[in-house]
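Only one structure is covered here, and it is reproduced in the block below.
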Amino acid sequence: MKQQNAVKTFAILTIFLLAVFGTFLMAKPVQASESGQVTVTGERYYSKAWRILELVNQERAKAGLPALVMDRDLLDAAMQRAFEISVNFSHTRPNGEKFQSAFEASRWAMGENIAAGNTSPEAAMEAWMNSDGHRSNILDRDFVCIGVGAVNVNGKYYWVQCFGGTLKETASRNNYQDGRASAHISFDQTLASVRLCVNKNVLYLGGTAKASLCFEDVLGEVPVANDTLLFQSSNPAVCTVDAGGNIRGVGIGTAAINLVSPTDGSILASANVTVTLDLKETSIKKLTAGKKKVTVRWKKQRKNTDGYEIQYSTNKKFKKAVKTVTVKNNKKNIKTIKKLKRGKKYYVRIRTYKDVFSSGQTIRVYSDWSKKKSVKVR
């Protein structure tokens, strides 16, 4: 269970526009000082928000204070903030705006409590009431209205209370329903660091992969959808990537998939993708020991194969004394290795290879090694 210190301010506040109804909260244009914008999706619980209000007023009644009223604008602001703290658990908003100094999410807000990880309204309220700063906001006689945010993102709950000193418009409980919702969130990479992941780091030529984004929150990983960020490949001759993060392997080699800020072109995150051929492995059929020599027979493998590479060593793990023989003919399946030491046990393995021209150069691509076999030289 996580908590954050309460704050209180009486400054004139900046307006932050939100859609009152509908699945998505209104997107805020990306500012030049911001790294970009993402969308966080989760369950939005108005029923739990009104339960928080009931619990707040119970505590205020015990202290002889008047009840707070749910304000429409504060309610919208608190729900937005609940999504925001899933990305950046702070009174500073993810884009760097100081929520505690001007409360840009609503000009009527005068104080804020936040919490994360509490699984019920009762648990969140208990945590706040056991904290001097949070309890002070809840029992502040200058507050007359409140907005409550309650969302579940990636299986974890986030809670927000926004307090106000002037009621603008009472929120009618009948106008709000629980359900799936999303919020557009502008962020500053220095405050909320986005991470890029790919579901496959190795692709066969012509294969595809998908890039996804997430933030690392106090409660773990928070997946997000991209709104404005740009995907770029460091080497389009190896990998291409489209605006949706769909990756395709078009050449042999390794490329970095970069996540780029639309405001200044800086690279926010990256992940490497290697593209290779779907080479078929081969296997050793028989090892025959001779006088200071070994004859290796293997299974022919012609598909995507130019030849074979044989390794042998007296070391079982091929950590030292390793020698390599190249067979530049995919039609051959026998090779005699000479000048070996009498009475020594040798370990042998084999793999296929193919030479591919990619990005202006020839690259040799290998299959995995076969299982090793051993034989004692006479």
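The values are calculated or read from the model by the stated rules, or taken from the named source; none is laboratory data. Please read these numbers as outputs of a predicted model, since none were measured by experiment. Cβ: placed from backbone, ideal geometry, glycine included. Neighbour counts: every protein chain shown. When the accessible area is computed, the model is the full protein with side chains, heavy atoms only, and any ligands, DNA or RNA have been set aside. Shrake-Rupley method; radii C 1.70, N 1.55, O 1.52, S 1.80 Å.
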With every protein chain kept in place and a 1.4 Å probe, the chain has an accessible area per residue in Å² of 47
Most mobile of Gly42, Gly149, Gly179 in a GNM of the chain (Cα contacts under 10 Å): Gly179
Name the trypsin sites (Lys or Arg not before Pro) in region 147-217 that are in a loop by DSSP and that have at most 15 other C-beta atoms within 10 Å, would you? Lys168, Lys200
Which pairs break 27 Å Cα to Cα here: Lys300/Lys373; Lys293/Lys317; Lys291/Lys354; Lys210/Lys300? Lys291/Lys354; Lys210/Lys300
Compare Lys98, Lys328, Lys48 in a GNM of the chain, Cα atoms joined below 10 Å, and give the one with the largest fluctuation. Lys328
Dipole of the chain [Lys/Arg +1, Asp/Glu -1 at C-beta], most positive-end residue of Val148, Gln37, Ala115: Gln37
Among Ile52, Ile363, Ile257: highest mean-square fluctuation, GNM of the chain, C-alpha pairs under 10 Å: Ile363
As I understand it, the dipole of the chain uses +1 on the Cβ of Lys and Arg and -1 on the Cβ of Asp and Glu, about the Cα centre. Which of Ser131, Asn330, Ser358 lies farthest toward its positive end? Asn330
Quick check: the distance between the Cα centres of region 330-372 and region 246-262, to the nearest angstrom? 31
Tell me the relative contact order for the chain as a rounded percent, counting alpha carbon contacts under 8 Å between residues six or more apart. 16
Amide H contacts of Gln189 (H built 1.01 Å from N, under 5 Å, at least 5 apart or other chain): Ser35
Find how many whole Å separate the alpha carbon centroid of region 208-241 from the alpha carbon centroid of region 44-65. 40
